[in-house]
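Engineer: Pasting a structure below so you can have a look.
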Amino acid sequence: QVQLVESGGGLVQPGGSLRLSCTASNDNSEFTNMGWWRQLPGKEREWVATILSSGTTNSADSVKGRFAISTNSAKSAVYLQMDNLKPKDTAIYYCNDVIGNTWYWGQGTQVTVSS
C-alpha cells in the first residue's frame with residue numbers, strides 16, 4: 001500500500017511558475033510509472049504528464065514546453081515544474097503512482113492562475 005501526499009499548489013499570476021511535489025509513503029522503487037493528472041472545474045480528470053521507471057517522460061500537448069515532470073533519485077517523489085502558467089491551467093492537480101496493475105492517487109492540490 002502506498003500513500004501519496006501532494007504539496008506546492010496555490011495562487012499564481014498568469015506567466016508565473018509553481019512546482020508541485022508528491023511524496024510516496026513507502027518503498028516506491030519498483031514503480032511502473034508516476035504521473036500527474038488534473039481536473040478542471042466542471043470537467044473530467046485529464047492526463048498531464050507521465051514518467052516511466054526508465055526515466056522516459058511524456059506530457060499532454062496542452063502543457064508541452066511549459067510543464068516538466070521528474071522524480072528524485074530514490075524514486076520516492078515525483079515533481080511537476082509548471083512554467084508560463086495560464087488561467088486555463090486552473091485545476092485540482094492529482095499525482096498518480098502505478099505499481100504493476102495497481103493505481104494509487106494523491107488527495108489533490110489546488111492550482112489557481114489568476115491576476
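The values are calculated or read from the model by the stated rules, or taken from the named source; none is laboratory data. Computed from a prediction, not measured in an experiment: that's the story for all the values here. In this analysis, Cβ positions are derived from the backbone assuming ideal geometry, glycine residues included, and neighbour counts consider all displayed protein chains. Please note that ligands, DNA and RNA were not included when accessible areas were found on the heavy atoms of the full protein model with its side chains. Shrake-Rupley method; radii C 1.70, N 1.55, O 1.52, S 1.80 Å.
Engineer: Can you tell me which residue in the stretch 24-49 is surrounded by the fewest Cβ atoms within 10 Å (Cβ to Cβ), limited to those that are in contact (Cβ under 8 Å) with a residue 40 or more places away in the chain and under 15 Å from Gln81 (Cα atoms)?
Structural biologist: Applying the filter and picking the extreme gives Trp37.
Engineer: Please find, among Val5, Val12, the residue that is β-branched (Val, Ile, Thr) and open to solvent by less than 70 Å² (accessible area, probe 1.4 Å). First the steps, then the outcome.
Structural biologist: On the way: Val5 fails: open to solvent by less than 70 Å² (accessible area, probe 1.4 Å).
Being β-branched (Val, Ile, Thr) and open to solvent by less than 70 Å² (accessible area, probe 1.4 Å) holds for just one of Val5, Val12, which is Val12.
Engineer: Whether any residue in the stretch 5-28 is of a type in the set (Asp, Glu) and over 13 Å from Tyr104 (Cα atoms) is what I want to check. Working first, answer last.
Structural biologist: Initial filter on the stretch 5-28 (of a type in the set (Asp, Glu)): 6, 27.
Adding the requirement that they be over 13 Å from Tyr104 (Cα atoms) leaves 27.
Scanning the stretch 5-28 turns up at least one residue that is of a type in the set (Asp, Glu) and over 13 Å from Tyr104 (Cα atoms).
Engineer: Still on this structure, I have one more. Do we find that Gly100 is more than 16 Å from Glu6 (Cα to Cα), free of Cβ contacts under 8 Å to residues at least 12 places away in the same chain and of a type outside the set (Ser, Thr, Tyr) in this structure? Before the answer, list the steps.
Structural biologist: Working: more than 16 Å from Glu6 (Cα to Cα): yes; free of Cβ contacts under 8 Å to residues at least 12 places away in the same chain: no; of a type outside the set (Ser, Thr, Tyr): yes.
Judged against the criteria, Gly100 is not a match.
Here is a yes/no grid of residues against (1) crowded, with 20+ Cβ neighbours inside 10 Å; (2) out of contact with any helix residue (DSSP H, G or I) (no Cβ under 6 Å at 6 or more places or on another chain); (3) of a type outside the set (A, V, I, L, M, F, W, C):
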site: Asp61; (1), (2), (3): no, yes, yes
site: Lys64; (1), (2), (3): no, yes, yes
site: Ile69; (1), (2), (3): yes, yes, no
site: Ser76; (1), (2), (3): no, yes, yes
site: Pro87; (1), (2), (3): no, yes, yes
site: Thr90; (1), (2), (3): no, yes, yes
site: Tyr93; (1), (2), (3): yes, yes, yes
site: Asn96; (1), (2), (3): yes, yes, yes
site: Gly100; (1), (2), (3): no, yes, yes
